[in-house]
Each structure stands twice: as C-alpha cells, then as structure tokens.
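To keep things clear, I will list the structure first and then write my remarks on it.
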Amino acid sequence: MAPGALLLEAHREYEKCSQKADEYLREIKEQSMLGEAVRQCVEAAGHEYDSNTQKSLLRAASFGKCFLTDFSAESFVSTCRELRVLNAVRDAAVALPLTHTQFKQMTLQVLIDRLVYRQFYPLAIEICRYLKIPDYQGVSRVLKHWASCKVQQKDLSDESISRAVCMKVGDSAGVSYSDIAAKAFECGRTELAIKLLDYEARSGEQVPLLLKMKRSQLALSKAVESGDTDLVYTVVSYLKNEMNRGDFFMTLRNQPVALSLYRQFCKLQEQETLKDLYNQDDDHQELANYYVTASYREKRLESRLSLLQTAVDEFNKAKNEFAAKATEEEMKLLRFQRKLDDEKGAGLLGLSLQATMEALLALGLQKQAEQLYRDFRVPDKRYWWLKLKSLAEKEEWEELEKFSKSKKSPIGYLAFVEVCMKSNNKYEAKKYVTKVTPEQRVKAHLAVSDLEGAADAAIERRSESEMGAVLSRCSDSDRLLIDRLNRAKASAAKK
Amino acid sequence: MAAHLSYGRVNLNILREAARKELREFLDKCAGSKAIVWDEYLTGPFGLIAQYSLLKEHEVEKMFTLKSGRLPPADVKNIIFFVRPRLELMDIIAENVFSEDKIHSSRDFHILFVPRRSMLCEQRLKEQGVLGSFINIDEYILDLIPYDGDLLSMEYESAFRECYLENDQTSLYHTAKGLMTLQALYGTIPQIYGKGECARHVANMMLRMKREFAGSQNQILPVFDTLLLLDRNVDLLTPLATQLTYEGLIDEIYGINNGYVKLPPEKFAQKKQGEASKDLPTEAKKLQLNSAEELYAEIRDKNFNAVGAALSKKAKIISAAFEERHNAKTVGEIKQFVSQLPHMQAARSSLANHTSIAELIKDITTSEAFFDNLTVEQEFMTGVDTDKVNTYIEDCIAQKDPLIKILRLVCMQSVCNNGLKQKVFDYYKREILQTYGYEHILTLSNLEKAGLLKPQTGSRNNYPTIRKTLKLWMEDANEQNPNDISYVYSGYAPLSIRLTQVLARPGWRSIEEVLKMLPGPHFEERQQLPAGLHKKRQQGENRTTLVFFLGGVTYAEIAALRFLSQMEDSGMEYIIATTKLVNGTTWIKSIMDRPEAQAP
C-alpha cells in the first residue's frame, strides 16, 4: 500500500477514535515515508473532482503534517486555495470543468481572461481578491474590462452608466478612465466619454482624447489645468490648424496661460503673429516694444526710423510719455549721426549719445558736441566729465585750464586732479589742487603725492581720520612729518 | 568621486545614483559604438552626474557640440542627440540628419530629451521630415541636480525671466516634477509652506500630481519634515547686494559655473626650485569648488574678512603636522607619518590655492571702487537718502561703469524705497539711455515688469517697516564669530532667509503684517502620510527643511542657511534647492534684452 493511502486510512481510524490510527502511522514512520505520504495526499486532492473526497484527502494530509517537524506547508496551502477556485469554476453556472493539471498549464492569468471574456466579472474579481493578485494584474484589469463592456450597453443612459462606472471603479489604481472613455467614444457615445473623462485625475491623459473628439476648448482648459506647458503647446498648435484665426485668437484670450505661451512661441517663430496678438489686446506698450525690437533688425535707416515712429505712436497710446520722448530722442540722434557721417565721415551711426559726443570731441568737432549737449539736455555733470576726460586724453592742457575756469565745475576739482594724474601729468594736476573743496583737499594732495600739503590740510581740518590717511602713506624717511602728524593727532584727540 | 554628496543630513548621492542608473540604461538601449552630440548648455550639469569615463564604459567614443551644418565624421553605429526640448535645436538636428543621410546610411539616430520630451518638438521634427529617422526618442528626467551635500539646482537659466516677465510656467512644472521625484526617493514631505504666486502654483501642481498617483502610496520614511517654497520676487533685494562671503565673492568676481571657477593663472604659477618662472601659464586656472575639499568647506561660508585668519590658522596646523616627522623615531611612527602624507599634501596644495584666491579677491575688496560701491549699497539698505538721485550712481554713469553695475544699484535704490519718485525714476532712465544706448529701453521695461525698478505709486514706502520687523539691518554684525545671519552681507540679513528663520521659530503668524506687504499669497498645506510612517523623533534630533528658491538663490543666502543649520539651538537643518544659482550680475543679465546686432 502506498504511504499516502495508509495515511488516509490512519486518519479515518483516528476520526473513529480507534487505536489503529497509531498503528498505521507508526508503520509509515518506520519506513520514514510520512513526508511522502502527506505529499501524496495533497497531490491526490488536487486531482479529485468530488469536493468530499478532496476534503478527506486534505484532512489526512493535515493530520500527517502534525507529526512532521520540518514540513513546508506551502504546497498544502496553495492546493487548498486553487481547489477552491477550481471548484468555483466547475460550478454548473460557469461550467469550466478544468483539471488541476490543465489549470496549472494555462495559468491563472488565462483563467481570469476567460472569465472576463465570458463576462463573469464578479467571480473574476472575487478570485483575484482571494488569491491576492496585485491590483494592476488583477482587480483593476477586470474592472477595466467590465467598464469597457458597460459603456457599450445601448439601453442605458449616459448618466446611469457613468455613475455605475464611477461607483465600481472609484479611484482604483491602474484603471484609466481615459481608456474607458476612449472605448465609449469608439462606440459613438461622445457625451458619455466626456462624462467619464471628468473622473480622470491625470489631465495629461484627458487631452489627446478630447482633441480626438474635437472638444478642443475643453482640451485646452484641461491642458492648462495640468500645468504641463508642452501639453498646452500641443493643444494650441492643434487649435491653430483647426480654427480660423479670429476664433483661435478669441479662444486664447479666454486662456491667459495659453496665450502667454503662444506669445513665447511667436517671439521665437512668428514675429508677425506676435504683432497681431498685441493688436487684438490693444496692448500698446508691448506693441511699441515690438516695433523697437523690429527697428534693430532693420538695416536701412529709413525703415528703422519709420518703425521707431510707429513705436512712438504706440508709446503715446500706452500713455508712456517717457518712452515716447526717449524714442523721439533716439530718432533725432540717428538723423544727426547720419548727417555727420555723410558730411564728415564720422562713423557715428549706432553709437549712444554719450559715445557720439565722445567721438565728436575726439574728432575736434566741439561745436557739434556742444549742440548735442544742449539739444539733448545732457546734465552738466556728465558733460563736464566727458569734456574733462577728452581734453586730458588729447593732452590739450591749455584748453583744459580754460574749461576749468569757464564756470564753477559741477563735478568739483578733485576730478580734474585725478584725471590729470591718470594721464601722468603731475604738473597740471597740481594746478587744480588749490581749487578743491576743503573736504577733499587732503585726498587731492595725496593724489599728487604731496604729503606735506596733505598733512597741512589734515592738521588744519583737525581730522583724525585724514591724518591717519596721510600717515599710512608716509615712509620711514618722513620722520619729521610723522612726528608732526602724531602730535597733531594727539592734540586733536584731547579736544 | 561624489562622496561629499552623502556627508550631509540627507544623502543626496541617492539622487545622483538614480540619475546615473537611468543614463546607463538609456545608453545600453542603443547597442554598439556611439557618438553623443551635445546641446552645449547641458554639458556642465551633466558633468555633475557622470564623467566621461562612465560614458566611455558604455561605448561612447566621440562627443560633439550641436551646431548647424554637417556632423563631423565618426566611425560609430549610433548618433545620440542630448538636447533640451527647444524648437531652435530641433531645426539644427534636422539639418544634421539631412546632411548626414546622403553619406552614411547605416547609422542609427537617437534623441534624448533633457529633462522631458516634448510633443511640440517631435511635431517640429515631423514637419521637417526627419522624425522617422530616429530609432529611439526618449527623455532623461534630470530636474534637480545635486551640487553639494546640501544643495540642489535645476540650472534653469531663464526661470526667473519666464515666470515673472513672460508668464511662462514651464520651469515651475519641471520644479513640481522634480519635487515629485525627490519625494519618490526620500518620502512624502508632510508639510508644505510657501510665499508667492509661483510657490502657490508649484504647490498646487504637486498636490495635483499626488492625486494622479492616488492608490500607489509612497512607503518610504520621510526624510524631509518641511518644504518651504519661496518666490524670488518676494525678496528682490538680496541678490542685488554684493555678497561678502568667500564663496559669494568668488562668484561675484569670477563666476562659479556648475561648481567650477576659472581664475587668472598668474597667481597659480608653479614655482619650482631653482627654476625661474619663465613661461607663465596663459590658460585660466580651473578649480572645482565643493565640500569634498575640507578647507573650502570650512571657509566658503565665512565673511571674507574672517577668511585670512582662518587661512593662517590652517597654515600653522599644516606646518605643525609636517614638523611631526622630526618626532617620529620608531619605524612604526614613521610609517604612520608616511601614511598621512598624501592627505597632508592635498591639504597643503588646497591651502596654497585658497591663499592665492584670497589674495586676488583682497586686491579687489580693498580697492576704493569696491568700498564706495558697498557704502552706497549699505546706505540704501539702511534707508539713507533713497528718495533722491544718488551722486555716486551719477558719477558711475558718467564714468561709463558697466551697465549691470548701474542697474544693480538703481534697482536696489528702487526696491529700498518701494519705488522711486517719478522725477528720480525718469532721470536715471534718461541717463542710462543716453549713456549706454537707447536700445536698453527694452531692458528697462523688463525691469519694470519684474518690479525691480518702478515709480512710486500712491502707497507709502513700506520697506522701513519690513526692515525693522524682520531685523534686516544689524548694526554690529560680527564678521569673525557671527551670531546672526547678517554677517553674510556685513550687516544686511537677507530677507528670504529671515522669512525661513521666522517660519522655524516662532512661526509666520508672528509676522502676518509683513507677509501681507510682500507680493503673492502665503500658505500652508499638509500631505497625509500613510499610517506607520509618522516619524518618531529622537530627543534633540533636528528637523529637516527643504527650502526651494523659485527664480534663483545666491551663495550668500546659502551660507546664511548653513549658518542656521549649524546654530546649536536652531533645531533645524536646511537643504537648499533652486531653479538656478545666481548672483546679482547673472540674474540681471537674464532679464536684460539685447536686440540683435545694431545696423553697422
């Protein structure tokens, strides 16, 4: 007798409370066949159709297991589970008389597929849950099939279908509402598809289908909602091809985010359209900026000027007086530059006002520089700096002196000292030291390396910090000076 | 190689490893020898993820820069384009592919979009008739790149401009995606705070994305306790100010790019014994700057005035260590000494480098020009004479100092005065246009749009209130042994960091008034954690906050946050993330408009 059969017998005797149970068991154990016996019972149960026989075989196996110390219960447990599933599908209502071997061969996945195919959804879901299959392969997949089938039921209203789907599917991971909606759309139920898409959490998934269904407005707002700018671009470029220009612009107007993205696109790709967009919004400031930018791309001066003139008009419409005036100035400057370029070949076009004046002074065109200074109301300070530097550069020291005396310098005279020193002309620099205000006199003396003078000025002003500054420039050979400064410093500190 | 990323509170090396793994997987998808054609902008950030050796291991034999025309010859099976999703780049790729097909027909083309593929770009390739030539079109999700153990950046240069001038929120979408990736690796961040429009938008997208993933719960124990999102336009002042930390000054003066700085070579000439330095190197000295270098980690965040002392202290320690050799008597002691030699030598060369850099910087910081500029900045920040035309600025314009310097100062005055008086405003603008050229009218218009430069409107100047409430100016900032973040600007405490500090303690409720004065909404959101993931905090264990600066962050601000992390009683550690590491100059530059070359 096979050990399994003996074990079955032993268990029967045990249930009858007969001591034979022990006898049989001992016999199996003596041959060290208990493990094999349990295995045989489990396997046999698997092949049985009758559930009562299955049960008694499994109970025998379970009984035998108790006397083993290191027996893995895995195959026992899985056989129990699988039998439960097999018994369920062998039921007359389902009528799949599968053997255990067949089942193993075809795998659980296929079994579920067959159930789904035959629309035994509840059973399929129960099986998935019972066998703890991960949602993605299990419950969610079945639900997806169920929903796809549900949306094809012609006798039900859109409302009731979408409600039913939502109730069952809820927010199960792995069920994509957009897939279900796509199915609905395929079956010609667009309204239902839109309703279903509303449940889709991932806006990215909603958009392509909405476009396919020609719900472009909705697609646009969903794309905007998602925050994914690439998606917005995609819808926008789709709309652009689908709609006439007027409608397209109107649609964008209602979606500021999409509109600004489209503007970005136009800035890079379609300058002309950009203009139309600003025009539509009456955005004169941006229009003006657009013309200014455009003017810099123009090679010919006439076209440049005419673009700038348009910019001026737009700036005026935008009530940006400053920019309008500045742009007019720019035009004035361009005209001036060309005139001089024509007359004297000065090569001024494109220079800034400051650079133009600089160039004119360098070319000795004093009068023209003065004219710009007046016409453009250049602040005195800046013009003085410019002239001072220009004269020093050309080493026109007499002119410089005359200039310094023309009126009181708005930039003071320390500037004269420093600029002369930059040109390494100490002789000229010294001329201006006395004109420097008392506050800056120490600095001026130091600039021309006149330590004595600096010390005198500092002591006169009783300024400790200035004395310190002079001291820091003294070297060891200036012993006397150092002593004098230290004394003065000490006495200044006392007071 | 990237060990310094894992020293901090949060192991950012996990992020880097994840990025490397994905790169390898993509490379292996294209079997056979490869050449990569680079969108030049990407090479810097990529260098932080993978060196050439990794690419080489995966059969990358050649690398080119993407440019129009024909591809350089290369005997490889695959040509892979690594590009940002930009239309103008698509046109170049199309050109490349067209000119290529006629010569070789057996080469396979691939595109790797960084950080995300784009339907718009693919559509463009289709229009150009080359989409079919590509075997693989893939995306490489590289949003947040680890720059240091506590620092992440997207290096998205145009983020500020796009968000505040062009209303284009692409960068914010990438930010939200990047934060989702970060949460996938480091757990859901339970608390989100924010201030500003962009912050609100990012938080909304994050919450939305989380809903989209409903069902799949993140089972990782949260590493971050809090996320703070800050708009750059909440604090426009800080980046305008000259940074006074060591690292900040290196960036201000020489510019740090993707962790590297290029320095004038003269100071770094190797002086070998007995050899006169005949030929000075002419190529810029390139140094990598990060916390992997012990000395740099120690001094980078110090006020520059404290760096000299730190360097000389270090010098003493190092020479003392070298002196040890005389005490080594036994063979064992000598052996131990020798084993430490490489480390000591590295320390010595690092010391030499930083001494040279500090000398270079000192030449500049002790100059009169630097001093005058700083004085004016500090006057503005303390509210002195912000409502009249400033003589120093006037003089600088007259001297034709660099335009960006002028813009930084003028904008600073405007911000510190909550707008300039119309007369002052127009005067500055006119001076700039007349001196630097009328084309800058577009730049000025941009600065106005960004709120950096504006005329005063009816409302009164609220900057003094903000300054007082948040203690933005500290009279006696201690540069050597700081006790407050204001040391990073020698007196000015960055507004953004004050907001961060107050949030940690005592909370934003204490500054409601000021928050209302700053632009954009402030908000708080909570993200539910799955049961069982609530952290049980050990006693004395610090909390961790991720501070995300939308629109850029400066090194001085980073230094201030590191200072807060190190404060013993702060109870908070900060990890910093941003769209771009900026300084006043790079930041202003990104907002400037340069019309195409002027007519000759």
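Some notes on this structure:
- Of the trypsin sites (Lys or Arg not before Pro) found in the stretch B:496-591, those in coil by DSSP whose Cβ has at most 16 other Cβ atoms within 10 Å are B:Lys535, B:Lys536, B:Arg537.
- Annotation: aspartates and glutamates with alpha-carbon distance below 13 angstrom to A:Lys402 (same-chain offsets under eight excluded): A:Glu428.
- Fully extended contour minus Cα-Cα distance, from A:Asp198 to A:Tyr130, at 0.36 nm per residue: 21.3 nm
- The stretch A:251-258 - phi-based ³J(HN,Hα) in whole Hz, Karplus 6.51/-1.76/1.60, Gly and Pro as x: 4, 5, 4, 7, 10, x, 4, 5
- Residues A:Tyr290, A:Tyr136 arranged by fewest to most Cβ contacts within 10 Å: A:Tyr136, A:Tyr290
- Basic side chains Lys and Arg get +1 at the Cβ, acidic Asp and Glu get -1 at the Cβ, and with that the dipole of the protein assembly as shown about its Cα centre reaches some 920 debye.
- Partners of A:Lys489 within straight-line reach, counting lysines whose Cα lies under 24 Å from its Cα and excluding those fewer than 8 residues away in the same chain: A:Lys443.
- Summarising the strand pairing of chain B, around 30 percent of its internal DSSP beta bridges are antiparallel.
- Axis angle, to the nearest 10 degrees, between helix A:271-280 and the longest C-alpha principal axis of chain A: 90 degrees.
- A simple spin-label model places the labels of B:Thr457 and A:Glu439 3.7 nm from each other, with each point 7 Å out along Cα-to-Cβ.
- Charge dipole (the protein assembly as shown, unit charges on Cβ, about Cα centre) - positive-most of B:Met517, A:Ser216, A:Ala5: B:Met517
- Full extension of the chain between A:Met167 and A:Glu393 gives 72.7 nm of extra length, using 0.36 nm per residue less the Cα-Cα distance.
- With the simple spin-label model, which puts each label point 7 Å out from Cα in the Cβ direction, the B:Asp426 to A:Lys344 separation comes to 3.1 nm.
- Over chain A, DSSP H runs of length four or greater, each weighted -39,500 (n - 2.57), average out per residue to a 222 nm ellipticity of -23500 deg cm²/dmol.
- When each of A:Lys154/A:Lys183; A:Lys319/B:Lys589; B:Lys67/B:Lys262 is checked by Cα-Cα distance, pairs over 18 Å: A:Lys319/B:Lys589; B:Lys67/B:Lys262
- Shape category assigned to the stretch A:347-438 from the gyration tensor of Cα positions, a/c cut at 1.5: prolate
- Rounded tilt (10° steps) of A:229-242 against the dominant C-alpha axis of chain A: 90
- Take the Cα of B:His534, go 7 Å toward its beta carbon, and the backbone nitrogen atoms of the stretch B:173-189 under 19 Å from that spot belong to B:187-189.
- Centroid-to-centroid separation of the stretch A:457-495 and the stretch B:433-481 [C-alpha atoms, Å]: 41
- Close amide H pairs (under 5 Å, H built 1.01 Å from N) link B:Phe81 with B:Val37, B:His110, B:Ile111, B:Leu112, residues at least 5 positions away or on another chain.
- B:Cys416, B:Cys30, A:Cys66 arranged by Cβ crowding within 10 Å, fewest neighbours leading: A:Cys66, B:Cys30, B:Cys416
- Förster-model FRET efficiency, 41 Å R0, B:Ile364 and B:Asp387, C-beta, rounded to 0.05: 0.85
- Pairs exceeding a 26 Å alpha-carbon distance, out of B:Lys195/B:Lys302; A:Lys389/A:Lys435; A:Lys65/A:Lys104: B:Lys195/B:Lys302.
- Selection from B:Asn204, B:Phe224, B:Ile192 lying farthest towards where the dipole of the stretch B:186-242 points positive, charges on Cβ: B:Asn204
- As a ratio to 2.2 N^0.38 Å, the alpha-carbon radius of gyration computed for the protein assembly as shown takes the value 1.23.
- Out-of-range pairs (alpha-carbon distance over 18 Å; input B:Lys29/B:Lys77; B:Lys285/B:Lys316; A:Lys408/A:Lys431): B:Lys285/B:Lys316
- Between 0 and 90°, nearest 10: helix A:100-117 axis offset from chain A longest Cα axis: 60
- Counted by neighbouring Cβ atoms within 10 Å, the residues A:Cys149, A:Cys80, B:Cys198 run from fewest to most as A:Cys149, A:Cys80, B:Cys198.
- About the Cα centre, charge dipole magnitude for the stretch B:1-158 (Lys/Arg +1, Asp/Glu -1 at Cβ), debye: 200
- Each of A:Asp113 and B:Glu475 was given a label point 7 Å from its Cα along the Cα-to-Cβ line. The distance between the two points is 8.3 nm.
- Think of the stretch A:229-304 as a dipole: +1 on every Lys or Arg Cβ, -1 on every Asp or Glu Cβ, centred on the Cα centre; then among A:Asn254, A:Tyr291, A:Thr273, A:Tyr291 lies furthest on the positive end.
- Nearest-0.05 FRET efficiency for A:Ala73 and A:Ala93, computed from C-beta distance (R0 25 Å): 0.20
- Prolate/oblate/rounded label for the stretch A:40-123 (Cα gyration tensor, a/c 1.5): prolate
- The B:Leu221 and B:Glu17 beta-carbon pair, evaluated with R₀ = 22 Å, returns a calculated FRET efficiency of approximately 0.75.
- Taking the Cα centre of chain A as origin and assigning +1 to Lys and Arg Cβ atoms and -1 to Asp and Glu Cβ atoms, the resulting dipole is close to 1520 debye.
- In chain B, helices alone account for a calculated mean residue ellipticity at 222 nm of -14000 deg cm²/dmol, with every DSSP H run of four or more residues adding -39,500 (n - 2.57).
Taken together, the values in this text are just the output of simple stated rules run on the coordinates, not laboratory data. These numbers were taken from a predicted model, which means no experiment stands behind them. Here the Cβ is made from the backbone with ideal geometry for all residues, glycine too, and neighbour counts use every protein chain on show.
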